[in-house]
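The values are calculated or read from the model by the stated rules, or taken from the named source; none is laboratory data. Keep in mind that what you see is a predicted model, and the values were worked out from it rather than measured. All Cβ positions, glycine included, derive from the backbone under ideal geometry; neighbour counts span all protein chains shown. All accessible areas refer to the heavy atoms of the entire protein, side chains included, with ligands and DNA or RNA removed. Shrake-Rupley method; radii C 1.70, N 1.55, O 1.52, S 1.80 Å.
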Amino acid sequence: MIKKFSFGKVFPTEAVVKEIKAQKGNIPFFMQQNSDNKDGLLFTYTMEKEDKVYGLGEQIRGINKRGHLYISDCADDPVHSEEKNSLYGAHNFILVDGKERFLVFFDTPEKVIFDIGCTDIDVLSVETSKDVDCYIITGKKILDIVKEFRGLIGRSYIAPRWAFGYQQCRWSYMNEDEIREVVKNHRENNIPLDAVYMDIDYMDSYKDFTLNEEAFPKFDKFVEEMKKENIRLVPIIDAGVKIEKGYDVYEEGLEKGYFCNDKTGKPFVGAVWPGKVHFPDFLNKDARDWFGKKYKFLLDKGIEGFWNDMNEPAIFYSEDGINDAIEYVESLKGQNIDIYTFFAMKDKVLGVANSPKDYASFYHNTEEGVICHDKLHNLYGYNMTRAAGEAFEEMVPDKRILMFSRASYIGSHRNGGIWQGDNMSWWSHLLLTVKMLPSLNMCGFLYTGSDLGGFGAHATEDLVMRWIEFAIFTPLMRNHAALGTRKQEVYQFKNIEDFKNLIGIRYGLISYIYSEYMKSVLNDEMYAKPLAFVYENDVHAKEVEDQLIIGDSIMIAPIYTQNTKGRYVYLPEDMMAVKMRSLTEYDCKVLKKGHHYVDAELNELIFFIRPNHIVPMTYGGESTEEVDYTTLKVFGFVKKEAGYTLYTDDGISKNYQDKENYIDMKADKDGNVTVSNDRIKIKESVILNK
Ligand code: MIG
């Protein structure tokens, strides 16, 4: 059941798609008062010792969020360490599971501070501005509550099937030949690959919707050449538009007034990769339409996917900000700088980037009037994604275009996915992405994944391999690394054959992963779930933070520790353990409910199949185009019988509701598998029954 409570007058974020009448009075469960801090509101809830608090989407730390302070404030912060409070998204919802069970979503574009047992170990407090819509959802099961929430915020974006292949990125492949080289190395080593990304250097001087003609002289031909190899190119689009006379996007935006203005009414100037830029006013409908249509430049050249970056927005500096810092530093010249002054200077200089002062100095021309950016900050990336998503709907209505963004707010999941930003090649960040995945799924971000192998810092072979073993299960499976870091395309390492085999398993699992993803999207369900949500009454399952249920049939227990040959796993029920080295080399055995140590060498993927569940697998391929989706091999653990709904379509058009897309499968304990449609052939089955 959903109840809505409104405080003050909230800017229409359009996070919610259902019309719900606000009730009078205080929100249930919470004690509510004015916050000490200006005119905000403070909601407090006393937690019992065993209460768990889930949610917050893209955030650091655990699946259970207790014990830290989190701030919804979209931030370009490339160091996702434990003490941080904000990442790129603002997903202001939590689900409390304890004596009371409820989800609450604080819908406001302004900052929200969640103190979840940080100041007082037993107190959950949420501080918002005075203008906020609160939605409280109660229900019996955790998954029912989440589903109701998902219904409230609308159906998730659906990616094309090719985007479920393995993808390679780096900041940056500088020209056609470098990209050809990447493709060649994959193809020659038979490492499956579906896409190569183009980072900022493909543009002419970092100008959106331009191409560096020297590096990409005949781009449409090149796109075609790659397509023949079953490779899609995915260019990046940044939020800032370069100030440069004669550059059409700049000139048009200026003329039409589509950029954010400063307080004097002149376009606000910030600096990002292109140097000085203006920021498109994505909170203005006309500006949004205009910017969205610009993607046509690349669509016309055969491009079918994009990633939107720097849309928190990231601002390296503003003119005022940098001048201020320079003046301060100059004022220290010749002085005897004491330690405190030294630190003050350091802070002053570092504080120039993404400064709150800058966010408070430009404005959006919205339907609700002219509003300062700092009041709408968390909606900026959301509306950039929306600009693209809505334009795609209009320009290519029958075709899915890949779109994912860095910054987001609840609601942008309807127009695109997100990637999880600038993580590091750290083992702890492999674990972080495992934990983040279900929280993101709760608020509708199903097409997501982290930069596998890690973005910043140097990756090692073992890290990339273990990361791949997890990323096999994330809808977005993209290897990406930062400028200046060690090259981490898998062929750069020694055991190429192992990488080939592991990535090959993704293509074997693709019919399962795609089916589960599509069904989750279409039914407003979670694709990746914490054990606590599936085994609500199992006290051990409730504590598990490093295993997930993927779709309906599979449990994963990724290995995220270096120099280890296995790990402890908790099985909430008997399960079939599958240890795979390749699509043709595997061992399967049933393990009893309880705690186990399972071993898996670096090149071995381990996953588990739940009882009376099956997993359809394809015979793989070197790209998603090559996979034969109609000939399957079924893995299963069938004590009695198992049913499965296979979702299959052409992967690119939008007839999601077509009955033909759903195929029923049944398996018995003797390994017989039947299907409701003879389009699908079962060639083999690997079924254990006890
Ligand atoms: O300031 O485009 O998160 O994926 O490679 C860095 C360069 C800008 C940040 C993105 C990252 C991308 C990088 N970008």
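Brief remarks on what is shown
- Surface accessible to a 1.4 Å probe, per residue, for the residues of segment 413-492, Å²: 18
- Take the Cα of K333, step 7 Å toward its Cβ, do the same at L143, and the gap between the two points is 6.7 nm.
- Alpha-carbon centroid distance for the pair segment 263-331 / segment 75-100, whole angstrom: 25
- Where segment 74-220 is the region considered: accessible area per residue in Å², 1.4 Å probe: 32
- When peptides 103-110, 13-20 are sorted by average Cβ neighbour count within 10 Å, with the highest value leading, the order is 103-110, 13-20.
- Mean residue ellipticity, 222 nm, helices only, the chain: the sum of -39500 (n - 2.57) across DSSP H runs of n ≥ 4, divided by residue count and rounded to 500, is -7000 deg cm²/dmol.
- Relative contact order (%) - the chain, alpha-carbon pairs under 8 angstrom, separation at least six: 13
- Whichever lysines have a C-alpha closer than 18 Å to that of K348, once near sequence neighbours (fewer than 8 apart) are set aside: K333, K357
- Each of the peptides 86-96, 342-352 was scored by the mean count of other Cβ atoms within 10 Å over its residues; in descending order, highest first, they stand as 86-96, 342-352.
- Taking the Cα centre of the chain as reference, the dipole from Cβ charges on Lys and Arg (+1) and Asp and Glu (-1) amounts to some 1780 debye.
- If you plug the beta carbon distance of D678 and M395 into 1/(1 + (r/R0)^6) with R0 = 45 Å, you get a FRET efficiency near 0.75.
- For V539 and K659, a Förster radius of 51 Å and the Cβ-Cβ distance give a FRET efficiency of 0.75, rounded to the nearest 0.05.
- Cα centroid separation, segment 452-493 to segment 126-179 (Å): 22
- Global form of segment 255-299, assessed from the alpha-carbon gyration tensor, a/c cut-off 1.5: oblate
- Potential lengthening between V370 and K293 on full extension [0.36 nm per residue; Cα-Cα distance subtracted]: 25.3 nm
- Heavy-atom accessible surface of segment 312-414: percent carbon and sulfur, 1.4 Å: 54
- Dimensions of the chain based on its C-alpha atoms, expressed as ranges along the principal axes with the largest first, amount to 79, 63, 55 Å.
- The overall shape of segment 320-430 is oblate: from the C-alpha gyration tensor, with semi-axes ordered a ≥ b ≥ c, the ratio a/c is 1.5 or greater and a/b is no larger than b/c.
- Separation of segment 537-557 from segment 644-690 is 25 Å, based on Cα centroids.
- Label-point gap, in nm, between K227 and M1 - each point 7 angstrom along Cα→Cβ: 5.4
- The residues of segment 601-675 have, on average, 41 Å² of accessible surface per residue, using a 1.4 Å probe with all protein chains present.
- Spatially proximal aspartates and glutamates relative to K593 (Cα-Cα < 13 Å; intrachain offsets below 8 disregarded): D538, E573, D574
- Label zone at E181 (point 7 Å along Cα-to-Cβ), backbone N below 18 Å, segment 191-207: 196-203
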